[in-house]
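Taking it in order: structure first as structure tokens, then the write-up.
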Amino acid sequence: MEEQYSPETLAVRMQNRRTPEKEHSTPLFLTSSFVYDSAEDMADAFTKDDPEVNIYSRFSNPTVDEFVDKMCMLEGAEAGVATATGMAAVFNTFMSLLQAGDHMLSASAVFGSTHTILTKYMPKWGISSTYFDMNKPETIEALIRPETKLLYLETPSNPGLDLIDLELVGEICRRRGILFVVDNCFATPVLQKPIHFGADLVIHSATKFIDGQGRVLGGAVLGRKDLIHDIYLMTRNTGPSMSPFNAWVLSKSLETLTLRMERHSASALGLAKALEGHPEVSRVRYPFLKSHPQYAIAQKQMSLGGGIVAFELKGGLVHGRRFLNSLKMLSRTNNLGDSRSIASHPASTTHSKLSEAERQLVGITPGLIRVSVGLESLVDIERDVLQALSA
Ligand SMILES: *Cc1c(COP(=O)(O)O)cnc(C)c1O
């Protein structure tokens, strides 16, 4: 069935072979282990490593496999592995592919915990990293050393919504023999498919838009089969495997992902336009706004702009706090990619562990507000944001 249907149909229709119960919806296999008909079958399960035979849910589970299969289909990936959280996906990818003495490049604007892994933990194990500026891709090549193994980035970035040309970076990595890994959390495969532009691996925090309803944590790595095999073995042996329950929630979430991303994107564009030119706002960032400095890149590699809008308040830190305190409907929380609209103030929360200089470097100014535009009526979202701005 795979060949003849579009990805959005397959995201709804793909599922494991039905059990003898002939269930319509996805069943949940909430079991830690699996049984065998004989001692011989049991011995085979351990020696043959047949992906069709389940042993233990830390290794594989049918509900988790269904989620991974759908994610691979959406990203156009050969193989995938699901993890307990997005950070487990990031960490296990680095740990599987790098060893002492290796070096990697990373965009400076990465998720806060990724920054902590790069700067606090990896140096302890002899793995070094260098940051590059997302807005200066022409500086990347000069940073490559003989021991550079991997290049990592997020586009759009969090929270500044900077973009980078994936095809351009993919070409550099291919020519220089470096693995290219993209955190595609903000766009989701519905809006952007990094493998199409040369990425070897794509990472997701499924906690965000993939679930999209603020219920479960999860992560995934998708891409080249040989690399995924190593990451799978590390995940299976070190333990951060995805729980079957979370996989069931996420597999059902994928059925509505296309629909949700279209609505998130339409409303986010509407809010971004309403904020542009507002007297309290000095700058609005949204990939599909013509004023975005990388609008052309957005048009090339994204099908819609996504659900996140960032803007800068003229009043800095004081007005940032006042804005958050004046909201009546939007949630003050640090998650994103939820059906409920969320506002956050990165300088005092998610990126508070960075030094002031580091924050400056990645464009997190004191008055920066990030809104994750939810699925409520745009009229209500806009009204709340505008009344909080004039409070
Ligand atoms: C949230 C997030 C992560 C981490 O995911 P968790 O599921 O919270 O572990 C990684 N990258 C990006 C871009 C994120 O937004």
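The values are calculated or read from the model by the stated rules, or taken from the named source; none is laboratory data. Computed from a prediction, not measured in an experiment: that's the story for all the values here. Reconstructed Cβ throughout: ideal geometry from the backbone, glycine too, with neighbour counts over all protein chains shown.
Some notes on this structure:
- Options Leu161, Leu179, Leu153; residue that is in contact with a Pro (Cβ under 8 Å, 6 or more places away or on another chain) and not charged (D, E, K, R): Leu161
- Residue in the range 93-106 that is within 12 Å of the ligand (Cβ to nearest atom), within 16 Å of Ile228 (Cβ to Cβ) and touching a residue at least 24 places away in the same chain (Cβ under 8 Å) present: yes
- Every condition in (1) more than 13 Å from the ligand (Cβ to nearest atom); (2) buried (at least 23 other Cβ atoms within 10 Å of the Cβ); (3) of a type outside the set (S, T, N, Q); (4) within 28 Å of Ile164 (Cα to Cα) is met by Asp183 except one, and the failing one is (1).
- Scanning the range 258-284 for residues that are in contact (Cβ under 8 Å) with a residue 40 or more places away in the chain and charged (D, E, K, R), we see that the one that is farthest from Glu376 (Cα to Cα) is Glu280.
- If you go through the range 366-391 and keep only what is of a type in the set (S, T, N, Q) and either surrounded by fewer than 19 Cβ atoms within 10 Å (Cβ to Cβ) or not assigned by TED's automatic domain parsing to the domain that holds Lys314 (or both), you end up with Ser377, Gln387, Ser390.
- Taking the conditions (1) surrounded by fewer than 22 Cβ atoms within 10 Å (Cβ to Cβ); (2) within 16 Å of the ligand (Cβ to nearest atom); (3) within 18 Å of the chain's Cα centre (by Cα) in turn, Tyr121 satisfies each one other than (3).
- Qualifying residue in the range 13-21 (condition: touching a Phe, Trp or Tyr at 6+ places or on another chain (Cβ under 6 Å) and farther than 30 Å from Val190 by Cα): no
- Condition broken by Ser96, with the remaining ones in (1) in contact with a Ser or Thr (Cβ under 6 Å, 6 or more places away or on another chain); (2) modelled with pLDDT of 95 or more satisfied: (1)
- Restricting Lys290, Lys314 to those that are without any contact (Cβ under 8 Å) to a residue 60 or more places away in the chain and either within 30 Å of Lys193 (Cβ to Cβ) or among the hydroxyl-bearing types (Ser, Thr, Tyr) (or both) reduces the list to Lys290.
- Verdict on Ile231 being β-branched (Val, Ile, Thr) and either outside the structural domain of Ser377 (by TED's automatic domain parsing) or part of a strand (DSSP E or B) (or both): yes
- Across the range 134-172, the qualifying residues are those that are of a type in the set (D, E, K, R), within 20 Å of Ala296 (Cα to Cα) and touching a residue at least 40 places away in the same chain (Cβ under 8 Å), and the one among them that is farthest from the ligand (Cβ to nearest atom) is Glu167.
- Looking across the range 37-74, the residues that are of a type in the set (A, V, I, L, M) and part of a helix (DSSP H, G or I) come down to Ala39, Met42, Ala43, Ala45, Val64, Val68, Met71, Met73, Leu74.
- Phe67 vs. criteria closer than 30 Å to Ile172 by Cα and in contact (Cβ under 8 Å) with a residue 60 or more places away in the chain: no
- Subset of the range 75-93 (residues that are within 20 Å of Gly198 (Cβ to Cβ) and either part of a loop (DSSP other than H, G, I, E, B) or modelled with pLDDT under 95 (or both)): Gly76, Ala77, Glu78
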